[in-house]
Amino acid sequence: MINSRLREERGASSAIVALFMVVILLVAAVVIDIAAMQLERQQLQTGADAAALAIAQDCAHGDCGDAAATAESFVGANRTYGGDDDTLSLAAIPDASSGTVTVRASSPSQHFFAPIIGIDESVVGASATARWGAPSGGTLDLPLIFSWCDFMNATDQGTPSDTTTYTLALPKHGSEGCVDQDGTALSGGFGWLDPDAASCTLDATIYEDEGDAVGSDPGSSKPKECGADDFAAIQGRTILLPVFVETRGTGSNGEYKIYGFAAFRVTGYAFDNKHTCWNMACNGGDKIQGHLVDYIAYDGSVAYDPDAPNLGTVVVRLVSGPEEDTP
């Protein structure tokens, strides 16, 4: 009697364990399929991000090229898991008027175990949108400005170069042929801007209305806020320098109207009668030397606008993330 009851209980326990094992295996199977789908989605997202940035860079330089081919190349290169390329659906939509490009990628993700519960596959999707434009404002690492005419002279009429050396000598005067408002140094000013309080930096923007003009620091050498550490911080770096097209007033009451921003790779400087000097002869007056270059900025602190003047510098930035996956 007792033995019979034990046998019955053992049989019931075995049935319960078997039932739970089935449930556990089903849950494990679904988890494995979800993890595989998530891996594929992450790879599609990485590829879409890379493709959007690459297309935006092409567009920023004036030619979006074959956007679909670029998207296929970058998404495919980042896709090491999932179906073959024949199952991949891609769309690349650049819009030069707004300075945006959106890349969408999707693919059916085949499941290993979910077919047991009637789900053979799910569509995995990702999208990325990038924007581009010329700088319209930002924080200057060095509050120094030069003229549109000087920029054109130094870049062979607007073509920045990694090899052509340009020297900004101070006090600043217009270079050869720069005698109009777009080239003549402000009377009583020497190319320095009035920096933010207790800092060698300055927030500046291209000129659109009266409030956008930037003030002049009339010092013939450099603003008192700019010390040796500030110059050491720009050694060998590419910084943005504003370019003016017009001045008004004189001396400390003078103002500059910023036309745009150019990228300047610093290769040397000399200031303060030899006390602040790097990589160039420390005599012959104050000066900063470098190359006006093509440059892509990813710095989130730089404002940009597709309508801003392009002086060889563009800002490229991702601005949106993934799509939702759909079953």
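The values are calculated or read from the model by the stated rules, or taken from the named source; none is laboratory data. Just so it is clear, the model here is predicted, and its values are computed rather than measured. Glycine also receives a Cβ, built like all others from the backbone with ideal geometry; neighbour counts cover every protein chain displayed.
Please find, within the stretch 120-152, the residue that is nearest to A233 (Cα to Cα) out of those that are among the polar types (S, T, N, Q) and touching an Asp or Glu at 6+ places or on another chain (Cβ under 7 Å). Looking at residues that are among the polar types (S, T, N, Q) and touching an Asp or Glu at 6+ places or on another chain (Cβ under 7 Å), I get T139. Scanning the stretch 133-150 for residues that are more than 13 Å from L241 (Cβ to Cβ) and polar (S, T, N, Q) gives a single hit, S136. The residue that is farthest from the chain's Cα centre (by Cα), counting only those in the stretch 98-121 that are at pLDDT below 90 and buried (at least 20 other Cβ atoms within 10 Å of the Cβ), is A114.
Counting just the residues of the stretch 203-246 that are among the polar types (S, T, N, Q) and touching an Asp or Glu at 6+ places or on another chain (Cβ under 6 Å), which one comes out nearest to T313 (Cα to Cα)?
Keep residues of the stretch 203-246 that are among the polar types (S, T, N, Q), which gives 205, 216, 220-221, 235, 238.
With touching an Asp or Glu at 6+ places or on another chain (Cβ under 6 Å) added as a condition, the list becomes 205, 221.
Working: T205: 15, S221: 28 Å.
It comes out as T205.
Listed residues A281, A270, A232; which is touching a Cys at 6+ places or on another chain (Cβ under 7 Å) and over 23 Å from P135 (Cβ atoms)? Break it down into steps so the answer makes sense when it comes.
On the way: A281 fails: touching a Cys at 6+ places or on another chain (Cβ under 7 Å); A232 fails: touching a Cys at 6+ places or on another chain (Cβ under 7 Å).
None of the others qualify; the one that does is A270.
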